[in-house]
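Beneath this line is the structure, given in structure tokens, with notes to follow.
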Amino acid sequence: MKKSIFVTGVAGSGKSSVSKALNRLGYNAYDIEELEGMFKMVRKDTGEDFADYDDADIEKVKNADWICDKNKLEELLQKQSNGIVFYCGVASNNDEIIPLFDQTILLKASPEIVRKRLSSREGTDDMGNTAENREWVLSWKDWWENQMIEQGAVVVDADGSPTEVAQKIVEIIKK
């Protein structure tokens, strides 16, 4: 049996950490945002590559889309052998890639936890690395999560440790 599971959530929900925890539990899990050439940042206003993108510049953040290359993702999924495989990430074009998966899991962390996790990114080039960016993420978090739920995502409380969250995901998948 082959089953492809998409694990998604806003910045700070725990996708990367849960991917690692799923691997430690013996599952195949990919942090698809870290795969070479799978994603690119484009300008919302032109659709062109965002050459001077900067996560610390809120105006650039607001004018950027993080796009997953659907064809490359399809190629990765086709290489999947039997078994359950988890693909963790988020894209501005989630709507295009969700249909590629057998199931979508939404990591839903409380605003306090998201803020705390994103605060740990200060001084990095990761999303949420400034107070202004964290508040921006939180300003649309509920709306976006509701969109994912409307598209059939199964919600997992992501406030716990990565291992606890990974175990919850595994329980859902095995049902």
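Points to keep in mind about this one:
- Across the accessible surface of the stretch 1-106, with the other protein chains kept in place and a 1.4 Å probe, carbon and sulfur atoms take up 43 percent.
- The stretch 7-64, accessible area per residue, ligands and nucleic acids excluded (1.4 Å, Å²): 51
- 3J(HN,Hα) along the stretch 36-53: 3, x, 6, 10, 8, 8, 10, 7, 4, 6, 10, x, 7, 3, 9, 4, 10, 4 Hz, from the Karplus curve 6.51 cos²θ - 1.76 cosθ + 1.60 with θ = phi - 60°, whole Hz, x for Gly and Pro.
- Summing charges over neighbours of residue 96, with a neighbour being any other residue whose Cβ is under 13 Å away from its Cβ, gives -2 when K and R count +1 and D and E count -1.
- Anisotropy class of the stretch 59-117 from Cα gyration tensor, a/c 1.5 cut: oblate
- The stretch 1-61: proportion of alpha-carbon pairs further apart than 15 angstrom, %: 65
- Distance violations [Cα-Cα > 32 Å] among 3/60; 2/116; 141/175: 3/60; 2/116
- Among (1) 79, 51, 30; (2) 45, 35, 29; (3) 56, 31, 30, the entry derived from the coordinates for Cα extents along the principal axes in Å: (2)
- Amide proton proximity set for residue 154, modelled H, under 5 Å, gap of 5+: 104, 105, 106
The values are calculated or read from the model by the stated rules, or taken from the named source; none is laboratory data. All of these numbers come straight from a predicted model, not from anything done at the bench. Methodologically, a virtual Cβ is constructed for each residue, glycine included, from the backbone with ideal geometry; neighbour enumeration extends over all protein chains shown. Note: accessible area is taken over every heavy atom of the protein model, side chains too, but ligands, DNA and RNA are not part of it. Shrake-Rupley method; radii C 1.70, N 1.55, O 1.52, S 1.80 Å.
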